[in-house]
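Here the structure is laid out as structure tokens; the discussion comes afterwards.
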Amino acid sequence: RLDVGDLNVEVLTPLGADRLVVGTEPDEATRHTLQVWNLRTGQREAAFGIHDWPVTALDLAPGTDLLVAAANDELSAWHLPSLDCAWRVHHEHVTFHSLACVSGQLLAADSNGSLRVIGLDDGTEIKRLSPHSGLIPAIAVDAGRQRFATVSYDQSIRLWDTVALERPGPPGHQQEVSVLTLTSG
């Protein structure tokens, strides 16, 4: 049991075998929205990441020391274990709901159905795609096959080629889809 006080926990991401990053609403006193917890001791090791809104999506960039976070219209990247901010960018008139790091880039999906490709080195938007007409609550990555999938409240799932950033096939659901995962089979 982790005691985060009266904060709402919005998202969790494993950080190795015995640690966890927790995204919360801003703490009233410090406005911290990210916490690192040791699962063996049940103790919080650090609080960091000042945002004005709750952190609702997190991902670790493979092969780097970066943790990326989404808090409403803001994306940020943090060096682990130092917890120094690498970059922070704002995108007006959008709320980010899901993140995934693939091929050295960040995929940031928003409430308008857009998928933004962001450079992990500085947070610069490289490309914007419009695969869906509704909120994108989840991105699932199959790094071994260099593909990922997006799912949307517009009742569609799209499978993507990571390198080409192309999507094959039409949508195939008749209800909202809110979560998915890719299998290796």
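Taking the chain as a Gaussian network, where each spring joins two C-alpha atoms under 10 Å apart, which residue of HIS132, HIS51, HIS90 fluctuates the most?
HIS90
Under unit Cβ charges (Lys, Arg +1; Asp, Glu -1), what dipole magnitude, rounded to 20 debye, does the chain have relative to its Cα centre? Write out the running numbers ahead of the final one.
On the way: 13 positive and 24 negative charges, 125 e Å.
Using Cβ point charges on Lys, Arg, Asp and Glu, the chain gives about 600 debye.
By its C-alpha gyration tensor, with a ≥ b ≥ c as the square roots of the eigenvalues, how is the range 73-137 shaped: rounded for a/c under 1.5, else prolate for a/b larger than b/c, else oblate?
It is prolate, given that a/c is not under 1.5 and a/b is the larger ratio.
Among 32-40, 5-13, how do they line up by average Cβ neighbours within 10 Å per residue, starting with the highest?
Values: 32-40: 18.4, 5-13: 13.7.
The packing order, highest mean first, is 32-40, 5-13.
Roughly speaking, to the nearest percent, how much of the range 24-83's 1.4 Å accessible area is carbon and sulfur?
C and S atoms contribute 50 percent here.
Quick one: check the C-alpha center-to-center distance for the range 24-51 versus the range 60-120, whole angstrom.
Value for the Cα centre distance between the two parts: 18 Å.
Given (i) 1.02; (ii) 1.19; (iii) 1.13, which label gives Cα Rg over 2.2 N^0.38 Å as computed from the coordinates?
(i)
The values are calculated or read from the model by the stated rules, or taken from the named source; none is laboratory data. No experiment lies behind these values; they were computed from the predicted model shown. All Cβ positions, even for glycine, are placed from backbone atoms using ideal geometry, and neighbour counts span all protein chains on display. Just the protein is used for accessible areas: all its heavy atoms, side chains included, with ligands, DNA and RNA removed. Shrake-Rupley method; radii C 1.70, N 1.55, O 1.52, S 1.80 Å.
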